[in-house]
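Trainee: Have a look at this one before I ask anything.
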Amino acid sequence: MSTQIEQEQAEEQAEADAAAETEESHQERRLSEKKARAEAREREEQAREEVREAEDTVEIKVFRYDPEVEGKDEPRFDDFHVPFFKGMTVLDALMYARDHYDSSLTFRHSCRQAVCGSDALFVNGQQRLGCKTQMADLEGPVRIEPLPHQDVVKDLVVDMEHFYEQMHAVEPYFQPDELPEGELEEQRQSPENREKVKMSTRCIWCGACMSSCNIAAGDNEYLGPAAINKAYRFAMDEREGEIKKEDRLEIIEQEHGVWRCQTQFSCTEVCPKDIPLTEHIQELKREAVKSNLKFW
Amino acid sequence: MSETYDRGAVEDFGRWREFKPGMWAWIFHKFTGWVLVGYLFTHIAVLSTATGGDVLYTNTLQGLEELLVVRVLEVGLLSVAVFHILNGVRLLFVDLGFGLENQDKSFYASLVVTAAIVVASVPTFLSGV
(Lines give C-alpha, C1' and ligand atoms only; values in the text may rest on other atoms or scores of the structure.)
Protein backbone atom coordinates (compact mmCIF):
# COMPACT_ATOMS: atom_id res chain seq x y z
CA MET A 1 0.00 0.00 0.00
CA SER A 2 2.30 2.76 1.16
CA THR A 3 5.57 0.97 1.64
CA GLN A 4 6.96 2.48 -1.55
CA ILE A 5 9.08 5.20 0.00
CA GLU A 6 10.74 2.90 2.44
CA GLN A 7 11.44 0.31 -0.20
CA GLU A 8 13.23 2.84 -2.35
CA GLN A 9 15.35 3.89 0.58
CA ALA A 10 16.16 0.32 1.38
CA GLU A 11 17.27 -0.23 -2.20
CA GLU A 12 19.57 2.77 -2.13
CA GLN A 13 21.05 1.57 1.11
CA ALA A 14 21.53 -1.87 -0.35
CA GLU A 15 23.30 -0.47 -3.40
CA ALA A 16 25.66 1.58 -1.29
CA ASP A 17 26.55 -1.42 0.82
CA ALA A 18 26.93 -3.66 -2.16
CA ALA A 19 29.74 -1.55 -3.63
CA ALA A 20 32.08 -2.77 -0.95
CA GLU A 21 31.05 -6.37 -1.30
CA THR A 22 31.43 -8.99 -3.97
CA GLU A 23 29.32 -9.02 -7.07
CA GLU A 24 27.74 -12.34 -6.14
CA SER A 25 26.30 -11.31 -2.75
CA HIS A 26 24.96 -8.16 -4.36
CA GLN A 27 23.02 -10.26 -6.81
CA GLU A 28 21.79 -12.52 -4.05
CA ARG A 29 20.54 -9.57 -2.10
CA ARG A 30 18.74 -8.17 -5.12
CA LEU A 31 17.12 -11.49 -5.74
CA SER A 32 15.99 -11.90 -2.15
CA GLU A 33 14.59 -8.38 -2.12
CA LYS A 34 12.75 -9.06 -5.32
CA LYS A 35 11.37 -12.21 -3.81
CA ALA A 36 10.24 -10.33 -0.68
CA ARG A 37 8.44 -7.76 -2.81
CA ALA A 38 6.74 -10.47 -4.80
CA GLU A 39 5.62 -12.11 -1.56
CA ALA A 40 4.25 -8.81 -0.26
CA ARG A 41 2.28 -8.35 -3.47
CA GLU A 42 0.99 -11.87 -3.14
CA ARG A 43 -0.12 -11.27 0.45
CA GLU A 44 -1.96 -8.13 -0.53
CA GLU A 45 -3.57 -9.93 -3.43
CA GLN A 46 -4.61 -12.70 -1.09
CA ALA A 47 -6.02 -10.16 1.38
CA ARG A 48 -8.13 -8.52 -1.32
CA GLU A 49 -9.36 -11.97 -2.29
CA GLU A 50 -10.26 -12.72 1.33
CA VAL A 51 -12.03 -9.40 1.72
CA ARG A 52 -14.09 -10.12 -1.42
CA GLU A 53 -14.98 -13.59 -0.19
CA ALA A 54 -15.63 -12.74 3.44
CA GLU A 55 -19.24 -12.44 4.54
CA ASP A 56 -18.46 -9.51 6.75
CA THR A 57 -15.64 -6.99 6.65
CA VAL A 58 -14.69 -4.15 8.93
CA GLU A 59 -13.07 -0.88 8.03
CA ILE A 60 -10.36 0.53 10.24
CA LYS A 61 -8.92 4.02 9.99
CA VAL A 62 -5.43 3.97 11.40
CA PHE A 63 -3.35 6.97 12.40
CA ARG A 64 -0.09 7.04 10.48
CA TYR A 65 2.94 9.17 11.20
CA ASP A 66 6.66 8.65 10.77
CA PRO A 67 8.89 11.67 11.34
CA GLU A 68 11.93 9.92 9.87
CA VAL A 69 10.52 9.22 6.44
CA GLU A 70 9.89 12.04 4.01
CA GLY A 71 6.30 12.01 2.82
CA LYS A 72 5.10 10.30 6.00
CA ASP A 73 5.97 13.08 8.43
CA GLU A 74 2.50 14.63 8.02
CA PRO A 75 0.01 12.79 10.27
CA ARG A 76 -2.71 11.10 8.24
CA PHE A 77 -5.20 8.25 8.39
CA ASP A 78 -4.97 5.06 6.33
CA ASP A 79 -8.04 2.94 5.65
CA PHE A 80 -7.85 -0.83 5.70
CA HIS A 81 -10.61 -3.32 4.94
CA VAL A 82 -10.25 -6.42 7.04
CA PRO A 83 -12.32 -9.62 6.85
CA PHE A 84 -14.28 -9.99 10.07
CA PHE A 85 -14.46 -13.15 12.13
CA LYS A 86 -16.31 -13.84 15.34
CA GLY A 87 -14.28 -12.76 18.35
CA MET A 88 -12.02 -10.42 16.37
CA THR A 89 -10.30 -7.80 18.50
CA VAL A 90 -8.92 -4.42 17.47
CA LEU A 91 -5.43 -5.90 17.74
CA ASP A 92 -6.39 -8.77 15.42
CA ALA A 93 -7.59 -6.27 12.83
CA LEU A 94 -4.38 -4.25 13.12
CA MET A 95 -2.25 -7.36 12.77
CA TYR A 96 -4.19 -8.42 9.69
CA ALA A 97 -3.65 -5.00 8.13
CA ARG A 98 0.04 -5.11 8.92
CA ASP A 99 0.56 -8.65 7.66
CA HIS A 100 -1.43 -8.25 4.45
CA TYR A 101 -1.44 -4.61 3.40
CA ASP A 102 1.37 -2.58 4.87
CA SER A 103 4.25 -4.14 6.74
CA SER A 104 5.42 -0.69 7.87
CA LEU A 105 2.33 -0.26 10.09
CA THR A 106 3.81 -0.03 13.57
CA PHE A 107 2.21 -0.79 16.92
CA ARG A 108 3.22 -2.47 20.17
CA HIS A 109 1.78 -5.81 21.15
CA SER A 110 3.00 -8.89 22.90
CA CYS A 111 0.83 -11.26 24.91
CA ARG A 112 -2.50 -10.51 23.19
CA GLN A 113 -4.42 -11.33 26.38
CA ALA A 114 -4.49 -8.11 28.39
CA VAL A 115 -1.54 -8.97 30.59
CA CYS A 116 1.48 -7.23 29.10
CA GLY A 117 -0.14 -3.81 28.71
CA SER A 118 1.64 -2.93 25.45
CA ASP A 119 -1.30 -2.15 23.21
CA ALA A 120 -3.25 0.64 24.88
CA LEU A 121 -4.73 2.59 21.96
CA PHE A 122 -7.17 5.41 21.37
CA VAL A 123 -10.04 3.54 19.70
CA ASN A 124 -13.17 5.42 18.64
CA GLY A 125 -12.40 8.24 21.03
CA GLN A 126 -11.54 6.26 24.12
CA GLN A 127 -8.42 4.71 25.58
CA ARG A 128 -8.79 0.96 25.27
CA LEU A 129 -6.62 -2.13 25.22
CA GLY A 130 -6.47 -3.33 21.61
CA CYS A 131 -6.39 -7.02 22.52
CA LYS A 132 -9.35 -6.72 24.88
CA THR A 133 -11.69 -4.69 22.67
CA GLN A 134 -14.05 -6.64 20.43
CA MET A 135 -14.51 -5.25 16.93
CA ALA A 136 -18.15 -6.32 17.14
CA ASP A 137 -18.71 -3.85 19.98
CA LEU A 138 -17.47 -0.87 17.98
CA GLU A 139 -19.17 1.25 15.40
CA GLY A 140 -17.39 1.24 12.07
CA PRO A 141 -15.29 2.65 10.58
CA VAL A 142 -13.15 2.14 13.67
CA ARG A 143 -10.69 4.96 14.29
CA ILE A 144 -7.45 3.75 15.82
CA GLU A 145 -5.06 6.39 17.12
CA PRO A 146 -2.06 6.48 19.45
CA LEU A 147 -2.66 7.45 23.09
CA PRO A 148 -3.32 11.19 23.39
CA HIS A 149 -1.08 13.46 25.48
CA GLN A 150 2.01 11.41 24.77
CA ASP A 151 4.60 11.97 22.06
CA VAL A 152 4.12 9.78 19.01
CA VAL A 153 7.26 7.94 17.99
CA LYS A 154 5.76 6.29 14.93
CA ASP A 155 2.23 5.36 13.85
CA LEU A 156 0.57 3.97 16.99
CA VAL A 157 3.70 3.85 19.12
CA VAL A 158 3.97 6.53 21.82
CA ASP A 159 6.86 7.49 24.06
CA MET A 160 6.12 5.87 27.45
CA GLU A 161 9.27 7.18 29.16
CA HIS A 162 7.50 9.89 31.14
CA PHE A 163 4.84 7.44 32.31
CA TYR A 164 7.50 5.00 33.53
CA GLU A 165 9.34 7.82 35.30
CA GLN A 166 6.21 8.71 37.22
CA MET A 167 5.65 5.05 38.08
CA HIS A 168 9.19 4.71 39.44
CA ALA A 169 8.84 7.97 41.39
CA VAL A 170 6.54 6.26 43.92
CA GLU A 171 9.01 3.42 44.57
CA PRO A 172 6.78 0.62 43.27
CA TYR A 173 8.36 -2.23 45.19
CA PHE A 174 7.88 -3.92 48.54
CA GLN A 175 9.97 -2.41 51.35
CA PRO A 176 9.07 -3.79 54.78
CA ASP A 177 10.26 -1.94 57.89
CA GLU A 178 11.63 -5.13 59.35
CA LEU A 179 12.26 -8.63 58.09
CA PRO A 180 11.07 -11.74 59.95
CA GLU A 181 13.51 -13.58 62.22
CA GLY A 182 14.24 -16.82 60.44
CA GLU A 183 15.81 -16.81 57.00
CA LEU A 184 13.05 -18.94 55.50
CA GLU A 185 10.25 -17.22 57.38
CA GLU A 186 7.39 -16.07 55.16
CA GLN A 187 5.93 -12.58 55.27
CA ARG A 188 2.25 -13.38 55.53
CA GLN A 189 -0.58 -11.07 54.62
CA SER A 190 -4.02 -11.36 56.14
CA PRO A 191 -6.80 -12.30 53.69
CA GLU A 192 -8.62 -9.07 54.56
CA ASN A 193 -5.59 -6.96 53.76
CA ARG A 194 -5.08 -8.87 50.54
CA GLU A 195 -8.69 -8.11 49.58
CA LYS A 196 -8.06 -4.43 50.23
CA VAL A 197 -5.12 -4.16 47.84
CA LYS A 198 -6.36 -6.79 45.39
CA MET A 199 -7.69 -4.49 42.71
CA SER A 200 -4.70 -2.17 42.87
CA THR A 201 -2.30 -5.05 42.17
CA ARG A 202 -3.92 -5.64 38.80
CA CYS A 203 -2.22 -2.70 37.09
CA ILE A 204 -0.46 -3.70 33.86
CA TRP A 205 1.28 -0.36 33.23
CA CYS A 206 -0.54 0.26 29.95
CA GLY A 207 -0.78 4.02 30.49
CA ALA A 208 -4.44 4.32 29.43
CA CYS A 209 -5.40 6.14 32.65
CA MET A 210 -2.56 8.64 32.40
CA SER A 211 -3.53 9.37 28.81
CA SER A 212 -7.19 9.89 29.71
CA CYS A 213 -6.43 12.19 32.63
CA ASN A 214 -7.17 15.82 31.96
CA ILE A 215 -4.99 16.96 34.83
CA ALA A 216 -2.00 14.89 33.77
CA ALA A 217 -2.35 16.43 30.31
CA GLY A 218 -2.01 19.93 31.71
CA ASP A 219 0.45 19.23 34.53
CA ASN A 220 3.45 17.27 33.40
CA GLU A 221 4.67 16.74 36.95
CA TYR A 222 1.43 15.19 38.20
CA LEU A 223 2.13 11.62 39.29
CA GLY A 224 -0.93 10.35 37.46
CA PRO A 225 -3.52 7.71 38.38
CA ALA A 226 -1.35 4.67 37.71
CA ALA A 227 1.53 5.82 39.90
CA ILE A 228 -0.79 6.84 42.74
CA ASN A 229 -2.51 3.47 42.47
CA LYS A 230 0.91 1.82 42.78
CA ALA A 231 1.60 3.89 45.88
CA TYR A 232 -1.80 2.80 47.25
CA ARG A 233 -0.96 -0.83 46.66
CA PHE A 234 2.09 -0.60 48.94
CA ALA A 235 0.91 2.04 51.40
CA MET A 236 -2.13 -0.10 52.21
CA ASP A 237 -0.07 -3.26 52.55
CA GLU A 238 0.10 -3.90 56.30
CA ARG A 239 3.32 -5.89 56.04
CA GLU A 240 5.34 -2.80 55.19
CA GLY A 241 4.91 -1.08 58.56
CA GLU A 242 4.17 2.43 59.81
CA ILE A 243 7.54 4.07 59.08
CA LYS A 244 7.48 3.14 55.41
CA LYS A 245 3.85 4.14 55.11
CA GLU A 246 4.75 7.62 56.36
CA ASP A 247 7.47 7.81 53.69
CA ARG A 248 5.03 6.77 51.00
CA LEU A 249 2.42 9.31 52.11
CA GLU A 250 5.07 11.99 51.99
CA ILE A 251 5.73 11.18 48.34
CA ILE A 252 2.09 11.15 47.28
CA GLU A 253 1.00 14.25 49.19
CA GLN A 254 3.48 16.52 47.45
CA GLU A 255 2.31 19.42 45.34
CA HIS A 256 1.91 17.29 42.22
CA GLY A 257 0.65 14.22 44.05
CA VAL A 258 -2.85 13.17 45.05
CA TRP A 259 -4.15 16.70 45.51
CA ARG A 260 -4.04 17.39 41.76
CA CYS A 261 -6.83 14.84 41.24
CA GLN A 262 -10.17 16.54 40.60
CA THR A 263 -12.27 13.37 40.49
CA GLN A 264 -13.29 13.44 36.85
CA PHE A 265 -13.34 9.63 36.89
CA SER A 266 -11.76 9.48 33.43
CA CYS A 267 -9.08 7.04 34.58
CA THR A 268 -11.61 4.75 36.26
CA GLU A 269 -13.71 4.72 33.08
CA VAL A 270 -10.87 3.68 30.79
CA CYS A 271 -8.90 1.28 33.01
CA PRO A 272 -8.89 -2.06 31.13
CA LYS A 273 -8.37 -3.94 34.40
CA ASP A 274 -11.32 -2.20 36.12
CA ILE A 275 -9.20 -0.76 38.92
CA PRO A 276 -11.23 1.81 40.92
CA LEU A 277 -8.47 4.39 40.53
CA THR A 278 -10.42 7.42 41.73
CA GLU A 279 -11.49 5.52 44.84
CA HIS A 280 -7.85 4.69 45.62
CA ILE A 281 -6.71 8.27 45.03
CA GLN A 282 -9.48 9.57 47.30
CA GLU A 283 -8.56 7.10 50.02
CA LEU A 284 -4.94 8.21 49.88
CA LYS A 285 -6.10 11.83 50.17
CA ARG A 286 -7.92 10.90 53.38
CA GLU A 287 -4.89 9.00 54.65
CA ALA A 288 -2.70 12.02 53.94
CA VAL A 289 -5.03 14.28 55.88
CA LYS A 290 -5.21 11.84 58.76
CA SER A 291 -1.43 11.55 59.02
CA ASN A 292 -1.04 15.34 59.06
CA LEU A 293 -3.89 16.27 61.39
CA LYS A 294 -3.03 14.99 64.82
CA PHE A 295 -5.38 16.43 67.44
CA TRP A 296 -5.12 13.37 69.59
CA MET B 1 2.19 15.85 28.29
CA SER B 2 1.36 19.42 27.68
CA GLU B 3 4.19 20.31 25.31
CA THR B 4 3.49 17.74 22.64
CA TYR B 5 3.45 19.04 19.11
CA ASP B 6 0.19 19.37 17.22
CA ARG B 7 -1.02 15.95 16.14
CA GLY B 8 -4.13 17.21 14.43
CA ALA B 9 -7.20 15.18 15.23
CA VAL B 10 -5.58 13.29 18.09
CA GLU B 11 -4.99 16.38 20.21
CA ASP B 12 -8.21 18.01 19.07
CA PHE B 13 -10.05 19.52 22.01
CA GLY B 14 -13.38 19.24 20.21
CA ARG B 15 -13.96 15.74 21.52
CA TRP B 16 -16.69 16.86 23.87
CA ARG B 17 -19.10 14.32 22.43
CA GLU B 18 -16.96 11.59 23.90
CA PHE B 19 -16.91 13.04 27.42
CA LYS B 20 -18.14 10.79 30.21
CA PRO B 21 -20.51 11.83 33.05
CA GLY B 22 -17.65 12.43 35.49
CA MET B 23 -16.06 14.83 33.02
CA TRP B 24 -19.31 16.70 32.40
CA ALA B 25 -19.89 16.98 36.14
CA TRP B 26 -16.44 18.54 36.50
CA ILE B 27 -16.99 20.98 33.64
CA PHE B 28 -20.42 22.05 34.91
CA HIS B 29 -19.08 22.42 38.43
CA LYS B 30 -16.26 24.69 37.22
CA PHE B 31 -18.61 26.69 35.03
CA THR B 32 -21.27 27.19 37.70
CA GLY B 33 -18.57 28.04 40.21
CA TRP B 34 -17.23 30.87 38.04
CA VAL B 35 -20.77 32.12 37.33
CA LEU B 36 -21.42 32.29 41.07
CA VAL B 37 -18.18 34.19 41.63
CA GLY B 38 -19.23 36.62 38.90
CA TYR B 39 -22.68 36.99 40.46
CA LEU B 40 -21.08 37.83 43.79
CA PHE B 41 -19.69 41.04 42.29
CA THR B 42 -23.03 42.19 40.82
CA HIS B 43 -24.67 41.23 44.11
CA ILE B 44 -22.31 43.47 46.05
CA ALA B 45 -22.74 46.26 43.50
CA VAL B 46 -26.52 46.21 43.86
CA LEU B 47 -26.44 45.94 47.66
CA SER B 48 -23.97 48.82 47.94
CA THR B 49 -26.56 51.21 46.53
CA ALA B 50 -28.05 51.01 50.05
CA THR B 51 -25.22 53.32 51.15
CA GLY B 52 -26.94 56.04 49.09
CA GLY B 53 -30.11 55.88 51.16
CA ASP B 54 -33.36 53.91 51.36
CA VAL B 55 -34.99 55.46 48.30
CA LEU B 56 -32.09 54.82 45.96
CA TYR B 57 -31.86 51.20 47.08
CA THR B 58 -35.60 50.57 46.64
CA ASN B 59 -35.64 52.27 43.26
CA THR B 60 -32.64 50.30 42.05
CA LEU B 61 -34.17 46.98 43.05
CA GLN B 62 -37.59 47.83 41.64
CA GLY B 63 -36.03 49.10 38.43
CA LEU B 64 -34.09 45.87 38.00
CA GLU B 65 -37.03 43.64 38.79
CA GLU B 66 -39.12 45.37 36.15
CA LEU B 67 -36.76 44.14 33.42
CA LEU B 68 -37.58 40.79 31.81
CA VAL B 69 -33.88 40.12 31.25
CA VAL B 70 -33.21 40.33 34.96
CA ARG B 71 -36.06 37.90 35.71
CA VAL B 72 -34.71 35.41 33.17
CA LEU B 73 -31.20 35.83 34.56
CA GLU B 74 -32.57 35.12 38.03
CA VAL B 75 -33.92 31.77 36.80
CA GLY B 76 -30.46 31.10 35.36
CA LEU B 77 -28.83 32.03 38.65
CA LEU B 78 -31.11 29.66 40.54
CA SER B 79 -30.32 26.77 38.21
CA VAL B 80 -26.58 27.43 38.46
CA ALA B 81 -26.70 27.69 42.25
CA VAL B 82 -28.86 24.57 42.69
CA PHE B 83 -26.63 22.48 40.45
CA HIS B 84 -23.52 23.72 42.21
CA ILE B 85 -24.99 22.84 45.61
CA LEU B 86 -26.19 19.38 44.56
CA ASN B 87 -22.99 18.50 42.75
CA GLY B 88 -21.07 19.85 45.73
CA VAL B 89 -22.88 17.35 47.93
CA ARG B 90 -22.05 14.65 45.37
CA LEU B 91 -18.37 15.66 45.51
CA LEU B 92 -18.51 15.57 49.30
CA PHE B 93 -19.58 11.95 49.13
CA VAL B 94 -16.87 11.25 46.58
CA ASP B 95 -14.31 12.76 48.94
CA LEU B 96 -15.60 10.67 51.80
CA GLY B 97 -15.45 7.56 49.65
CA PHE B 98 -19.16 6.78 49.56
CA GLY B 99 -20.83 5.47 46.42
CA LEU B 100 -18.01 6.12 43.98
CA GLU B 101 -19.30 3.38 41.73
CA ASN B 102 -22.55 5.34 41.40
CA GLN B 103 -20.94 8.69 40.68
CA ASP B 104 -22.51 8.88 37.21
CA LYS B 105 -25.99 8.21 38.55
CA SER B 106 -25.64 10.83 41.26
CA PHE B 107 -24.56 13.31 38.58
CA TYR B 108 -27.67 12.55 36.53
CA ALA B 109 -29.77 12.80 39.69
CA SER B 110 -28.39 16.25 40.47
CA LEU B 111 -29.18 17.33 36.89
CA VAL B 112 -32.75 16.05 37.13
CA VAL B 113 -33.38 17.65 40.53
CA THR B 114 -31.91 20.93 39.27
CA ALA B 115 -34.20 20.86 36.25
CA ALA B 116 -37.26 20.09 38.41
CA ILE B 117 -36.56 22.92 40.84
CA VAL B 118 -35.86 25.41 38.06
CA VAL B 119 -39.05 24.52 36.15
CA ALA B 120 -41.07 24.80 39.36
CA SER B 121 -39.58 28.23 40.07
CA VAL B 122 -40.32 29.77 36.68
CA PRO B 123 -43.90 30.99 37.54
CA THR B 124 -42.65 32.66 40.71
CA PHE B 125 -39.81 34.46 38.97
CA LEU B 126 -41.67 35.54 35.87
CA SER B 127 -44.99 36.60 37.45
CA GLY B 128 -45.98 40.25 37.19
CA VAL B 129 -43.23 41.48 34.90
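The values are calculated or read from the model by the stated rules, or taken from the named source; none is laboratory data. Keep in mind the model is a prediction, meaning the values are calculated, not measured. So basically every Cβ, Gly included, is an ideal-geometry build from the backbone, and we count neighbours across all protein chains shown.
Trainee: Picking from B:L78, B:L67, which residue would you name as being away from chain A (no Cβ under 14 Å), of a type outside the set (F, W, Y) and surrounded by fewer than 17 Cβ atoms within 10 Å (Cβ to Cβ)? Step through it out loud before you land on a result.
Mentor: Values: B:L78 fails: surrounded by fewer than 17 Cβ atoms within 10 Å (Cβ to Cβ).
Exactly one residue qualifies, and that residue is B:L67.
Trainee: From A:G218, A:G182, which residue is within 12 Å of another protein chain (Cβ to nearest Cβ), modelled with pLDDT under 95, surrounded by fewer than 13 Cβ atoms within 10 Å (Cβ to Cβ) and over 19 Å from the mean Cα position of the chain (by Cα)?
Mentor: From the options A:G218, A:G182, the qualifying one is A:G218.
Trainee: In the stretch A:79-157, which strands (runs of 3 or more DSSP E) lie fully inside it and hold 2 or more residues that are surrounded by 22 or more Cβ atoms within 10 Å (Cβ to Cβ) and within 14 Å of chain B (Cβ to nearest Cβ)?
Mentor: Filter on the stretch A:79-157 gives A:120-123, A:126-129, A:142-145.
Trainee: Continuing with this model, one more query. Is it the case that the stretch A:188-206 has a residue that's crowded, with 23+ Cβ neighbours inside 10 Å and farther than 21 Å from A:E287 by Cβ?
Mentor: Yes: the stretch A:188-206 contains one or more residues that are crowded, with 23+ Cβ neighbours inside 10 Å and farther than 21 Å from A:E287 by Cβ.
Trainee: Same structure, new question: Pairs, please: C-beta under 7 Å, at least 6 apart or cross-chain, first residue within 21 Å of A:L121 (Cβ to Cβ) and in the stretch B:11-28, second assigned to a loop (DSSP other than H, G, I, E, B) and at pLDDT 80 or above?
Mentor: Qualifying pairs under 7 Å: B:E11/A:P148; B:R15/A:G125; B:E18/A:G125; B:K20/A:F265; B:M23/A:Q264.
Trainee: With the structure loaded, tell me whether A:V270 is within 14 Å of chain B (Cβ to nearest Cβ) and either farther than 28 Å from B:V89 by Cβ or surrounded by fewer than 17 Cβ atoms within 10 Å (Cβ to Cβ) (or both) or whether it fails that test. Let's see the steps before the verdict.
Mentor: Working: within 14 Å of chain B (Cβ to nearest Cβ): yes; either farther than 28 Å from B:V89 by Cβ or surrounded by fewer than 17 Cβ atoms within 10 Å (Cβ to Cβ) (or both): no.
Against the criterion (within 14 Å of chain B (Cβ to nearest Cβ) and either farther than 28 Å from B:V89 by Cβ or surrounded by fewer than 17 Cβ atoms within 10 Å (Cβ to Cβ) (or both)), A:V270 does not qualify.
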